[in-house]
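Visitor: The structure that follows is given in the form of structure tokens.
The values are calculated or read from the model by the stated rules, or taken from the named source; none is laboratory data. Being a predicted model, the structure only gives us computed values, none of them experimental. Using ideal geometry, Cβ is built from the backbone for each residue, glycine included, and neighbour counts are taken over all protein chains shown. Ligands, DNA and RNA are excluded from the accessible area calculation, which covers all protein heavy atoms including side chains. Shrake-Rupley method; radii C 1.70, N 1.55, O 1.52, S 1.80 Å.
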Amino acid sequence: MKILHLAFAGALTLASFAGTAFAQSADNFLTITLKDGPVVVELRPDIAPKHVEQIKALATAGEYNNVAFHRVIKGFMAQTGDVQYGDMEDGFQPQAAGTGGSSKPDLPAEFSDVPFERGTVGMARSQDPNSANSQFFIMFAPGDFLNGQYTVVGKVISGMENVDKIKLGDDANNGSVTDPDRMISVKVGK
């Protein structure tokens, strides 16, 4: 009987640890509402802690709401997150969208061996590897040439069919989008 009590106590302890781990990791998801439905991204603080922290802070502050997908290239990726010039309801500047960031500092690169596959979310940056700020992109297809060159922050775990419906940009103009789609809202959690 004593063994049964110990086994039961052990099971309860294990369950409480599992519940705690889940509660701690529940905030490592980002839900992006698009015109065609939600997209859930599992964030990866284990490989890019500073980038994930900044994305979560911007999302919590509502900075990503109504921000345009200013650059969308068929078979490659959809880029968004310019909170400075891309907010389609507050100071939208279509010609400047993609050149801004946020009021937060740029981040040092956090490169990893996680590959850029369909659904991977990576941080956009200038030629300087340490210039990522608020902009990110979602891959439509694998992009091996980005591996080890850009910071991976997560992966779409549901709603990729909604990402596929984002309005495409002009191939002749590096994917620049006229009258772009937007992230209607972005929140931390599922």
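Visitor: So what does log10 I(q)/I(0) come out to for the range 40-149 at q = 0.10, 0.12, 0.23 Å⁻¹, using the Debye formula with one equal point on every Cα and no solvent?
Guide: -0.26, -0.38, -1.45
Visitor: While we're looking at this one, here's another question. With a 1.4 Å probe and every protein chain left in place, work out the accessible area per residue of the chain in Å², rounded to a whole number.
Guide: Working: 9850 Å² over 190 residues.
Per residue, the chain has an accessible area of 52 Å².
Visitor: Going by a ≥ b ≥ c, the root eigenvalues of the Cα gyration tensor, does the range 97-185 fall in the rounded group (a/c under 1.5), the prolate group (a/b larger than b/c) or the oblate group?
Guide: Working: a/c = 1.55, a/b = 1.17, b/c = 1.32.
Judged from the Cα gyration tensor, the range 97-185 comes out oblate (a/c at least 1.5, b/c at or above a/b).
Visitor: So what's the angle, to the nearest 10 degrees on a 0 to 90 scale, between helix 2-25 and the longest Cα principal axis of the chain?
Guide: 10
Visitor: What is the distance in Å between the Cα centroid of the range 115-169 and that of the range 59-105?
Guide: For the range 115-169 versus the range 59-105, the Cα centre distance is 14 Å.
Visitor: Tally up the carbon and sulfur contribution to the accessible surface of the range 35-190 as a whole percent, 1.4 Å probe, everything protein left in place. Before the final figure, lay out each step's value.
Guide: Details: 3440 of 7340 Å².
C and S fraction of accessible area: 47 percent.
Visitor: Compute the acute angle (0 to 90°) between the alpha-carbon long axis of helix 49-60 and the principal axis of greatest extent of the alpha-carbon atoms of the chain; round to the nearest 10°.
Guide: For helix 49-60, the angle is close to 80 degrees.
Visitor: Further question on the same structure: By average Cβ neighbour count within 10 Å, what is the ranking of 88-95, 99-106, 130-137 from highest down? List each step's numbers first, then the result.
Guide: Values: 88-95: 13.1, 99-106: 15.6, 130-137: 22.6.
Ranking, from highest mean packing down: 130-137, 99-106, 88-95.
Visitor: While we're looking at this one, here's another question. Over the chain, what is the mean sequence separation of C-alpha contacts under 8 Å (at least six apart), divided by residue count, expressed as relative contact order in percent?
Guide: 31
Visitor: Hey, rough spin-label estimate for Ala141 and Ser25, points 7 angstrom out along Cα→Cβ, what's it come to in nanometres?
Guide: 3.2
Visitor: Return the inverse of the average 1/r over all pairs of distinct C-alpha atoms in the chain, which is the Kirkwood hydrodynamic radius, in Å to one decimal. Display every interim value, and only then the final one.
Guide: Details: mean 1/r = 0.0577 Å⁻¹.
17.3 Å is the Kirkwood radius here.
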